[in-house]
Amino acid sequence: MIAIDGPAGSGKSTVARAVADRLALPYLDTGAMYRSVAFTVLRAAGDPDDLEFSANAARSMELNLSDDQVVVNGVDATLQIRGPEVTRAVSAVAANPLVRREMVSRQREWIERRGGGVLEGRDIGTVVFPDAELKVYLTADESVRAQRRAKEVTDLDYQTVAADITRRDTVDSTRDVAPLTEADDAIIIDTTRLTVEEVVTRIVELLPSSDAEQ
Ligand code: DC
């Protein structure tokens, strides 16, 4: 099991997908799970700060995550979970301990069923799977992270994206439950000046050789 954690725009998703591809391992984007809960809450006209409402939405959510599609309660939410409304609501939903309990239990089930894989998020190495063979914590300068995100979301300007990243970093790293932080035994990689290929190679090289199919 490879755990990849880090803040928004640190390169987690791109890198985690590429590592999974390279090693022919299954991949789970846990941020997409929290985004899907936020999407469910908003779709039901609920308040993301309402703990019980969000918890119920999480527990009853039918989620189908595949490589290129996210289906939430039968609705294709692939684009909307990356949109500004969900992005605004997701930190509140992810700070809810009841929502986290449900998501962590689903993530552990996912690992158990597959016998391993590459998981990316904020608390994979610290909470979800502290026994991971390899824990990687990706970082990058704030301005570079904002530039990367701004490139992904074409409908928002750089200033808006930068402000959003700063706000989410603050909420994600100061919340009471499972705040964003590196595990003591995580390998920290600063991706500011590295290409995706360089980061992927570094991670694969960190694996015990029997795990790396290279
Ligand atoms: O990685 P992302 O930006 O898609 O994540 C969306 C939000 O979900 C982010 O603001 C933090 C939260 N999250 C979390 O709290 N724990 C995780 N394991 C993954 C994401």
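The values are calculated or read from the model by the stated rules, or taken from the named source; none is laboratory data. Please read all numbers here as calculations on a predicted model, not as lab measurements. As a convention, Cβ positions derive from the backbone with ideal geometry for all residues, glycine included, and neighbour counts pool all protein chains shown. Accessible surface is based on the protein model in full, side chains and every heavy atom, while ligands, DNA and RNA are left aside. Shrake-Rupley method; radii C 1.70, N 1.55, O 1.52, S 1.80 Å.
Take region 120-214, drop everything but the C-alpha atoms, weight them equally and run the Debye formula without solvent; then report log10 I(q)/I(0) at 0.11 Å⁻¹ to two decimals. Each listed q corresponds, in turn, to -0.40.
Sorted on the mean count of surrounding Cβ atoms within 10 Å across their residues, most packed first, peptides 179-188, 67-76, 5-14, 143-152 read 5-14, 143-152, 179-188, 67-76.
Computed with every protein chain present, the accessible area of PHE129 is close to 60 Å² [probe 1.4 Å]. In a reduced charge model with +1 at each Lys and Arg Cβ and -1 at each Asp and Glu Cβ, the chain shows a dipole moment near 260 debye about its Cα centre. A simple charge model with +1 on the Cβ of Lys and Arg, -1 on the Cβ of Asp and Glu and nothing else charged puts the dipole of region 83-166 at about 220 debye relative to its Cα centre.
What region 1-159 shows is 46 Å² of accessible area per residue, with the surface traced by a 1.4 Å probe over protein heavy atoms. Round to a whole number: what % of the accessible area of the chain belongs to carbon and sulfur, probe 1.4 Å? After summing per-atom areas, the C and S share lands at 49 percent.
Take every DSSP beta bridge with both residues inside the chain and express the antiparallel ones as a percent of the total, to the nearest 5.
25
Once Lys and Arg get +1 and Asp and Glu get -1 on their Cβ, which of THR191, VAL136, SER54 lies farthest toward the positive end of the dipole of the chain? The listed residue farthest towards the positive side: SER54.
Please report the base-10 log of the normalised intensity I(q)/I(0) for region 36-118, using a Debye sum with one equal scatterer per alpha carbon and no solvent, at each q in 0.15 (1/Å). So the normalised log intensities work out to -0.53. Binning at 5 angstrom from zero up to the longest distance, how are the C-alpha pair distances of the chain distributed in percent? Values per bin, smallest distances first: 1, 7, 15, 20, 21, 18, 11, 5, 1, 0. Using only side-chain charges placed at the Cβ, +1 for Lys and Arg and -1 for Asp and Glu, the dipole size of region 1-113 relative to its Cα centre rounds to 260 debye.
When the square roots of the Cα gyration tensor eigenvalues are ordered a ≥ b ≥ c, the ratio a/c for region 153-201 is 1.5 or more and a/b does not exceed b/c, which makes its shape oblate.
Estimated from helices alone, the mean residue ellipticity of the chain at 222 nm is -15500 deg cm²/dmol (sum of -39500 (n - 2.57) over DSSP H runs with n ≥ 4, per residue).
When only the heavy atoms of the protein chains count and the probe is 1.4 Å, how do GLU52, GLU205, GLU102 rank by accessible area, highest first? Don't skip to the end; give the middle numbers.
Working: GLU52 100, GLU205 140, GLU102 45 Å².
Solvent-accessible surface, decreasing: GLU205, GLU52, GLU102.
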